[in-house]
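Every read-out reported here was derived from the displayed coordinates using simple, explicitly stated rules and does not represent laboratory data. All values reported here derive from a predicted model rather than from experimental measurement. Every residue, glycine as well, gets a Cβ built from its backbone with ideal geometry; the counts of neighbours run over all protein chains shown.
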């Protein structure tokens, strides 16, 4: 089984993914890390030198490759992955995958990401929490259509990552 974690930036896909993979003794693959390994460039460098269209094509190609894996895997997607090129439909259509939306509310994500914005190039330039809320709100509005197609939805606000992983295990098994 491939457990596909999706959701907005800061929702816990990578950190919950690590805990979940360890609990279940599954492999963990972060799609952005996988792309970087295959392309021999960071995501930031790919965007800068080859552009977003190239990145999105590669993201779709590698996602479809990973959905064919036969070993038990937790796959943490990038925040935008479900929203492009029929990726969400490919995940849902996979006989081997189950999709889980880690759903953080707008106030929760805004507050969390504003504190950690220096580590995230996409939002590093945002100067106030109000502007952060506006930026994330626009993205969530655009992306929630895709995120909400996930088979399982987990609210992540103010929950420990271990508790989120336990909730996923309880819903899966």
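For Cα Rg over 2.2 N^0.38 Å, the candidate list reads (1) 1.22; (2) 0.99; (3) 1.59; the entry that matches the value derived from this model is (2). Computing FRET efficiency as 1/(1 + (r/R0)^6) for residue 27 and residue 160, where r is the C-beta to C-beta distance and R0 is 30 Å, gives about 0.80. Grab the DSSP H runs of the chain that are 4 residues or longer, score each as -39,500 (n - 2.57), total them, divide by all residues and round the 222 nm result to the nearest 500 deg cm²/dmol. Per the formula, -17000 deg cm²/dmol. In this simple spin-label approximation, residue 105 and residue 52 carry label points 7 Å from Cα along the Cα→Cβ vector, and these lie 2.9 nm apart. Counting every alpha-carbon pair across the range 50-111, the share separated by more than 16 Å comes to 50%.
Working ranking of peptides 74-83, 158-167 by packing, defined as the average number of other Cβ atoms within 10 Å per residue, highest first, is 74-83, 158-167.
Using C-alpha pairs below 8 Å separated by at least 6 residues, the relative contact order for the chain is 33 percent. Once fully extended, how much extra length lies between residue 134 and residue 60, figured as 0.36 nm per residue of separation less the alpha-carbon to alpha-carbon distance? Difference between extended and current length: 23.8 nm.
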